[in-house]
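Here the structure is laid out as structure tokens; the discussion comes afterwards.
A short reminder: the numbers here are calculations on the coordinates, not readings from a lab. These numbers come from a predicted model, not from an experiment.
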Amino acid sequence: MDLDVLQHILGLPDSPPPLRPAKLRNYKMKMWGPYPTLIPNSSSSAVRKGNESEGVDDAIPGKLYLVEHPAQFTLLERYETDAYTWHRCIAEFTDGSVSTSTAESGFECRVFVWAGDPDSSELSDGPAFDLERYQKYFKPKFLIR
């Protein structure tokens, strides 16, 4: 998520919230119009087990934001609308720093995923999310509200 949009949604102070590079497994990425959308990948564990020796990495890279208060999570839920629901998952940090974890190499967190049919015609496999395009064409409309 764009930092300015995150600050706007959560009513945060001017300084950017800390985001940590991380990756998720067991999900796949699709596009819903201009927005990236996570889809739970039910076959991922079987695929990964079969490809471990080949070094296949099905992880989706991204950034992790630590929500400090339940009210902030509620604000994010409202922003995401009923098009999304949340799942518990394990994010693996990719910035090399050590942190407390609830799993071997990750951090237990929540992620917003597509709430509808994963095979919906509303979703596409591409083109990939373009943050610069989003910031130029879609972000200004959101922040003017």
Long-range amide H partners of Val113, meaning residues 5 or more apart or on another chain whose placed amide H is closer than 5 Å, are Thr85, Trp86, His87
Non-local residues with an amide H under 5 Å from the amide H of Lys63, with H modelled 1.01 Å from N and Pro and chain starts lacking one, are Ala22
